[in-house]
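These notes are about the structure you will find just below.
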Amino acid sequence: DAGITQSPRHKVTETGTPVTLRCHQTENHRYMYWYRQDPGHGLRLIHYSYGVKDTDKGEVSDGYSVSRSKTEDFLLTLESATSSQTSVYFCAISEEAGSTDTQYFGPGTRLTVL
Amino acid sequence: RKEVEQDPGPFNVPEGATVAFNCTYSNSASQSFFWYRQDCRKEPKLLMSVYSSGNEDGRFTAQLNRASQYISLLIRDSKLSDSATYLCVVNGDNQGGKLIFGQGTELSVKP
């Protein structure tokens, strides 16, 4: 299995509080991604990174920010959590962004916003 | 219309059955296609890529029809361990490596 960890694995928080999720990889892959998975929607891309300090928005980026100060770490921040952000969050990595490259996923973080 | 659409599930089949999943995609410029498998409360994992000529990996066969923008996955001789959700995934050549996921089709193989 690819060396990807996510922390925390579970979190319960209250509306309006800031939350930061961490993705850590040991594969030295260039590309990292944050997705959320909700019933009826499948996986949707939030933000992605194509290098240190290089990030871009995905399909559902509103309410989220990211940072990547090191190759191995990609942080997802909810500045002020809302109940609509209750979801399962997956981090993924890939060596290249080429259309044939495989993305490897971390174990996920279950976030509940009350 | 969703970019990637899959058969609604769940599919409940007996061991040994053959089951087929279908998927359609809307972006005719899409270049790469995949099937991922996701076990309950786990992360998605690549099952197989889908090539234009069709490809087979053991009991699994994937087919692509570009003209109809249609992808299929056939599972022969179903095992209990095949129970999972199967995700159809498309990667457009102009989307910087971003993957578009279908909602998934749940398969339950019963003894």
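The values are calculated or read from the model by the stated rules, or taken from the named source; none is laboratory data. Please read these numbers as outputs of a predicted model, since none were measured by experiment. Positions of Cβ are generated from backbone atoms using ideal geometry, with glycine treated the same way; all protein chains shown enter the neighbour counts.
For the stretch A:71-93, which positions are more than 13 Å from the chain's Cα centre (by Cα) and facing another protein chain (nearest Cβ under 8 Å)?
Listed by number, the list is empty, since nothing qualifies.
Looking at A:27, A:95, A:59, can you tell me which residue is out of contact with any strand residue (DSSP E or B) (no Cβ under 7 Å at 6 or more places or on another chain), at negative phi and modelled with pLDDT under 95?
Step by step, each of A:27, A:95, A:59 is checked, and only A:95 is out of contact with any strand residue (DSSP E or B) (no Cβ under 7 Å at 6 or more places or on another chain), at negative phi and modelled with pLDDT under 95.
It is to be established whether one or more residues within the stretch A:54-69 are over 26 Å from residue A:16 (Cα atoms), surrounded by fewer than 16 Cβ atoms within 10 Å (Cβ to Cβ) and more than 8 Å from chain B (Cβ to nearest Cβ). Steps first, please.
Pass one, the stretch A:54-69, residues over 26 Å from residue A:16 (Cα atoms): A:54.
Filter once more, so that each one left must be surrounded by fewer than 16 Cβ atoms within 10 Å (Cβ to Cβ): A:54.
Going one step further and asking which of them are more than 8 Å from chain B (Cβ to nearest Cβ), we end up with A:54.
Taking every residue of the stretch A:54-69 in turn, at least one turns out to be over 26 Å from residue A:16 (Cα atoms), surrounded by fewer than 16 Cβ atoms within 10 Å (Cβ to Cβ) and more than 8 Å from chain B (Cβ to nearest Cβ).
Which residue out of A:62, A:38 is touching a residue at least 12 places away in the same chain (Cβ under 8 Å) and within 30 Å of residue B:88 (Cβ to Cβ)?
Result: A:38 is the single residue among A:62, A:38 that is touching a residue at least 12 places away in the same chain (Cβ under 8 Å) and within 30 Å of residue B:88 (Cβ to Cβ).
For the stretch B:89-107, state whether one or more residues are over 23 Å from residue A:92 (Cα atoms) and either surrounded by fewer than 21 Cβ atoms within 10 Å (Cβ to Cβ) or touching a residue at least 40 places away in the same chain (Cβ under 8 Å) (or both).
Checked against the condition, which is being over 23 Å from residue A:92 (Cα atoms) and either surrounded by fewer than 21 Cβ atoms within 10 Å (Cβ to Cβ) or touching a residue at least 40 places away in the same chain (Cβ under 8 Å) (or both), the stretch B:89-107 yields at least one hit.
Conditions: (1) farther than 21 Å from residue B:34 by Cβ; (2) in contact with a Gly (Cβ under 6 Å, 6 or more places away or on another chain); (3) surrounded by 16 or more Cβ atoms within 10 Å (Cβ to Cβ). Residue A:24 meets all but one. Number of the miss?
Every condition holds for residue A:24 apart from (2).
If I ask for residues that are in a loop (DSSP other than H, G, I, E, B), touching a Pro at 6+ places or on another chain (Cβ under 8 Å) and more than 14 Å from every other protein chain (Cβ to nearest Cβ), which ones from the stretch B:1-57 would you list?
Passing the criteria: only B:15.
Here is a check on your reading of the model: is residue A:5 away from chain B (no Cβ under 11 Å), under 12 Å from the mean Cα position of the chain (by Cα), more than 30 Å from residue B:9 (Cβ to Cβ) and at pLDDT 95 or above?
Against the criterion (away from chain B (no Cβ under 11 Å), under 12 Å from the mean Cα position of the chain (by Cα), more than 30 Å from residue B:9 (Cβ to Cβ) and at pLDDT 95 or above), residue A:5 qualifies.
For the stretch A:70-87, give me each residue that is out of contact with any Lys or Arg (no Cβ under 7 Å at 6 or more places or on another chain) and either among the hydroxyl-bearing types (Ser, Thr, Tyr) or exposed (fewer than 15 other Cβ atoms within 10 Å of the Cβ) (or both).
Filtering the stretch A:70-87 for residues out of contact with any Lys or Arg (no Cβ under 7 Å at 6 or more places or on another chain) gives A:70-72, A:76-86.
If the condition is that a residue be out of contact with any Lys or Arg (no Cβ under 7 Å at 6 or more places or on another chain) and either among the hydroxyl-bearing types (Ser, Thr, Tyr) or exposed (fewer than 15 other Cβ atoms within 10 Å of the Cβ) (or both), then A:70, A:71, A:77, A:79, A:80, A:82, A:83, A:84, A:86 are the ones that fit.
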